[in-house]
Amino acid sequence: MENMIYADDLRKEFKKIIKEPGIKGSVKALFKPHKEIVKAVDGITFSVPKGEILGFIGPNGAGKSTVIKMLTGILTPTSGTCRINGKIPQEDRKNYVREIGVVFGQRTQLWWDLALRETYAVLKEIYQVPDDKYKKRMDFLNEVLELDSFITSPVRTLSLGQRMRADIAASLLHSPKVLFLDEPTIGLDVVVKENIRNAIRRINAEEGTTVILTTHDLSDIELLCERIVMVDKGKKVFDGAISELKRDYGDVRTLNFELVNSPDFKLLDYKRRFNLTDDDISVERDKGTVKVRFDTAAVSVEEIISYTLSTVHVKDLNIKDVEIEEIIKKLYRREVRV
Amino acid sequence: MRYFRLHRIFIAQYLKKLMEYKADFLLGAVGLLFAQAIQLIFIGIIFSQIPDLRGWTYEQILFIYGFSLISKSLDHLFTDNLWMVGYRIIRKGDFDKYLTRPINTLFHVIAENFCVDAFGEMLTCVLLLCVSIPKLNMPFHWYTIPLWIVAAIFATLIYTSLKIITAAIAFWTKSSGHITHMLYMANDFSKYPVSIYNRFVQIVITYILPFAFTAYFPASYFLTGKDPLFCIGGTVVAGSLLFALALFVWNRGLKAYESAGS
Ligand SMILES: Nc1ncnc2c1ncn2[C@@H]1O[C@H](COP(=O)(O)OP(=O)(O)O)[C@@H](O)[C@H]1O
Ligand SMILES: [Mg+2]
């Protein structure tokens with residue numbers, strides 16, 4: 001399939017001036033600034049086919065937002081190129097941005113004091129959306145994002161969830177081909193998150209919009225994305241389908257044992273028995289249930305089960321499938337070679 | 001055309017917002033009017049003691065002062081948001097949104113805000129001109145009014161361009177409001193005849209920060225009819241050159257913009 005987004009060896013460096021503490025440090029910084037270069041994005045290459053929803057994940061400070069800012073033309077890359085729908089964002093910016101929608105969850109792009117309805121009217125002019133299209137579009141966005149209840153309120157009076165929906169609607173007003181969402185669900189409650197996910201899914205399904213979203217919430221990833229790109233310290237550490245991630249790195253299992261006598265819990269000492277570290281295994285207890293989460297590379301499922309059964313009386317047991325969250329935690333801890 | 005339309009829309013939105021914050025607006029305008037009144041009383045006191053200054057009469061000085069407020073107040077009314085660019089918008093990363101919209105960034109950021117406080121200055125301006133002009137025997141031709149308009153436009157362009165340049169410095173330094181502030185202190189020199197200053201100040205406000213072309217030079221042409229080429233032509237040239245420079249610096253700044261980490 002043809003690629004909508006294409007990034008080749010993108011890099012972005014920021015210069016940071018390091019100031020030593022105290023007056024002496026300030027004076028020194030003035031005459032001989034000690035500069036440190038932060039490699040926020042350190043050679044990232046990836047592409048996104050038309051119509052895909054790509055999840056962009058990684059720990060705080062990994063460089064996700066910086067990549068988004070380069071793709072949207074806000075930042076000029078230190079080196080490397082990106083091309084979206086055949087256009088280079090930094091060239092001919094004004095024409096390029098007509099084709100994209102951008103939302104930064106952390107800060108609104110709307111006018112603080114304008115009523116939401118007025119805000120959209122101004123954006124309509126900025127993007128030159130014709131009257132009939134605008135009306136249809138507003139009806140559609142109203143329905144998908146449920147804006148009706150607050151459309152006459154000034155943006156400053158909206159709750160975080162309302163504001164986020166308002167921002168997403170604003171980014172979709174001109175029917176962009178590509179939608180960039182940086183942390184679109186940050187700080188929201190479950191109901192709003194669900195609403196936003198549905199909206200993203202619908203826009204993607206009905207209009208074939210290509211979407212890149214960064215998130216901390218792994219349910220966003222599981223519910224929305226077929227594919228993820230994971231970055232850490234400015235570098236790409238994984239790029240592939242979620243099923244692939246599970247297959248290749250899914251060596252974490254969770255076993256739940258329901259004990260006959262819950263105080264028996266004390267008898268179980270997996271770490272000593274199998275000589276394991278905190279990274280290999282974690283044990284939680286909830287009343288009569290013991291939840292053992294472990295790495296199958298360090299200890300097998302069979303060993304855990306037979307040790308447990310031979311040590312305590314077990315009423316019931318179940319095996320939980322690998323959770324993506326576990327894999328990602330491991331990847332963050334850089335335990336997986338890529 | 002599209003930009004004019006957008007500008008109208010921004011103004012309309014601004015006025016709506018104003019209605020919401022009536023008290024705020026009134027306070028601002030009254031405050032500025034008050035500040036202007038104090039300045040005027042100050043000039044009045046000085047000139048009631050000295051009948052003329054380096055060959056300029058009291059009325060002529062009032063005229064030059066009033067003329068200086070034309071461009072100053074126009075710039076103040078329309079481009080006040082540039083202050084915010086230097087103080088806050090770039091540093092906080094709020095400039096991002098302008099870069100994701102399909103219109104000129106400079107136009108967008110300027111059009112977004114109006115400063116009705118400037119009406120205080122405008123009122124003073126009109127007052128000073130109305131008081132001084134009848135007492136002055138100024139040359140008048142058919143082209144005098146068009147020249148006024150040209151002078152006002154390019155003088156405003158001088159102000160605005162200098163403000164654009166100092167605001168754009170923040171693209172590299174993150175914050176440059178203090179530089180714009182210093183610029184505004186220099187512009188105070190332009191309210192009075194340039195001839196009262198020493199050589200150094202004269203050169204600075206004529207050729208480096210050409211504030212003299214926002215008031216003294218064009219005003220002295222309208223007063224005396226002498227030197228139109230230098231006085232009005234100079235304003236046009238200074239305004240055009242500075243505006244070209246401002247656009248250049250702004251566009252380079254956009255490439256240097258670093259946004260802000262979150
Ligand atoms: N405008 C900036 N100036 C200086 N450093 C920045 C800037 N933006 C981001 N950084 C740094 O670059 C790195 C990546 O940041 P970011 O892209 O925001 O990460 P993420 O979105 O993955 O949390 C961090 O170390 C951050 O401190
Ligand atoms: Mg981020």
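The values are calculated or read from the model by the stated rules, or taken from the named source; none is laboratory data. None of the values given here were measured: they were computed from a predicted structure. In this analysis, Cβ positions are derived from the backbone assuming ideal geometry, glycine residues included, and neighbour counts consider all displayed protein chains.
Of the residues A:181, A:213, A:145, the single one that is aliphatic (A, V, I, L, M), buried (at least 20 other Cβ atoms within 10 Å of the Cβ), over 23 Å from residue A:48 (Cβ atoms) and assigned by TED's automatic domain parsing to the domain that holds residue A:131 is A:145. If the condition is being away from chain A (no Cβ under 13 Å) and on the phi > 0 side of the Ramachandran plot, then the stretch B:77-99 contributes no residue at all.
Listed by first and then second residue, the pairs linking a residue in the stretch A:56-69 that is assigned by TED's automatic domain parsing to the domain that holds residue A:107 to a residue that is of a type in the set (Gly, Ala, Ser) and buried (at least 24 other Cβ atoms within 10 Å of the Cβ), with Cβ atoms under 8 Å apart and 6 or more places separating them unless they lie on different chains, are A:63/A:40; A:64/A:58; A:66/A:40.
A single entry from A:144, A:129, A:103 fulfils the requirement of being without any contact (Cβ under 8 Å) to a residue 60 or more places away in the chain and not in a helix (DSSP H, G or I): A:129.
Residue-by-condition table, conditions (1) loosely packed, with under 14 Cβ neighbours inside 10 Å; (2) aliphatic (A, V, I, L, M); (3) in contact (Cβ under 8 Å) with a residue 12 or more places away in the chain:
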residue: B:14; (1), (2), (3): no, no, yes
residue: B:19; (1), (2), (3): yes, yes, no
residue: B:24; (1), (2), (3): yes, no, no
residue: B:59; (1), (2), (3): no, no, yes
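Scoring residue A:102 on the criteria (1) within 16 Å of ligand 2 (Cβ to nearest atom); (2) over 15 Å from the mean Cα position of the chain (by Cα); (3) surrounded by 24 or more Cβ atoms within 10 Å (Cβ to Cβ); (4) at the interface with another protein chain (Cβ under 7 Å from one of its Cβ atoms) leaves a single failure, condition (2). Yes or no: residue A:89 in contact with a strand residue (DSSP E or B) (Cβ under 6 Å, 6 or more places away or on another chain) and either within 14 Å of ligand 1 (Cβ to nearest atom) or in a loop (DSSP other than H, G, I, E, B) (or both)? No; evaluated as a whole, the condition is false for this residue.
Here is a check on your reading of the model: is residue B:163 of a type in the set (Lys, Arg), out of contact with any Asp or Glu (no Cβ under 6 Å at 6 or more places or on another chain) and under 20 Å from residue B:81 (Cα atoms)? The answer is yes for residue B:163.
Scanning for something under 27 Å from residue A:89 (Cα atoms), modelled with pLDDT under 95, β-branched (Val, Ile, Thr) and not in a helix (DSSP H, G or I), does the stretch A:203-213 turn up at least one residue? No - not one qualifying residue is present in the stretch A:203-213.
When we screen A:88, A:74, A:57 for residues that are within 24 Å of residue A:220 (Cβ to Cβ), within 14 Å of chain B (Cβ to nearest Cβ) and of a type in the set (A, V, I, L, M, F, W, C), the only hit is A:74. Consider the stretch A:234-245 and keep the residues that are more than 14 Å from every other protein chain (Cβ to nearest Cβ) and either exposed (fewer than 15 other Cβ atoms within 10 Å of the Cβ) or among the small types (Gly, Ala, Ser) (or both). The one that is farthest from ligand 1 (Cβ to nearest atom) is A:243.
Do we have any residue at all in the stretch A:189-199 that's under 23 Å from residue A:83 (Cβ atoms) and either part of a loop (DSSP other than H, G, I, E, B) or within 16 Å of ligand 2 (Cβ to nearest atom) (or both)? No, the stretch A:189-199 contains no residue that is under 23 Å from residue A:83 (Cβ atoms) and either part of a loop (DSSP other than H, G, I, E, B) or within 16 Å of ligand 2 (Cβ to nearest atom) (or both).
Applying the set (1) part of a strand (DSSP E or B); (2) more than 10 Å from chain B (Cβ to nearest Cβ); (3) under 30 Å from residue A:329 (Cα atoms) to residue A:161 leaves exactly one unmet item: (1). Filtered by the rule that a residue be near ligand 1 (Cβ under 9 Å from one of its atoms) and basic (Lys, Arg), the stretch A:56-86 gives A:64, A:69. Assigned to a helix (DSSP H, G or I), under 30 Å from residue B:104 (Cα atoms) and among the aromatic types (Phe, Trp, Tyr): which single residue out of B:34, B:25, B:47 fits that description? Just a single option satisfies the conditions, and that option is B:25.
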